[in-house]
Amino acid sequence: MVRPTENREFERHRHDASLLYAFQNSDKYYSATMCDYGDDGMCFVAGYALEPGSEIFIKMENFPEDVGSPNIKECYNAVVQWCEPMPDTDAFFYKVGVKYSRTGSAVR
């Protein structure tokens, strides 16, 4: 598994926020927490491992209408790029990196 942190085209911004994600063609949502975001993708912490290449739908929970950054949107279609277990945690959590599949906006 290769994390492309050194080769990113867009800058990432730290931002902790609650989100929900679902696999494409599913109505079952799972909770996660965003770590950072950029113009082309985001990183979040999930309670389950996600397979790279999986297509997911992401919804920001309690999305504020007056959000401070124009780069954060309410919904995203994305593809999982990488997933790795988080070390030094008492429970099993995974860091997941996704790339937006529709320029950062989504329709569902």
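For the reader, a short list of remarks on this structure follows.
- Listed from fewest to most Cβ neighbours within 10 Å, the set Tyr76, Tyr29, Tyr100 follows the order Tyr29, Tyr100, Tyr76.
- Each peptide in 46-54, 16-24, 82-90, 34-42 receives the mean, over its residues, of other Cβ atoms within 10 Å, and ordering these scores from highest gives 34-42, 16-24, 46-54, 82-90.
Read the figures in this text as sums done on the coordinates, not as results from a lab. Bear in mind that the values here come from a model prediction, so they are computed numbers and not experimental data. As a convention, Cβ positions derive from the backbone with ideal geometry for all residues, glycine included, and neighbour counts pool all protein chains shown.
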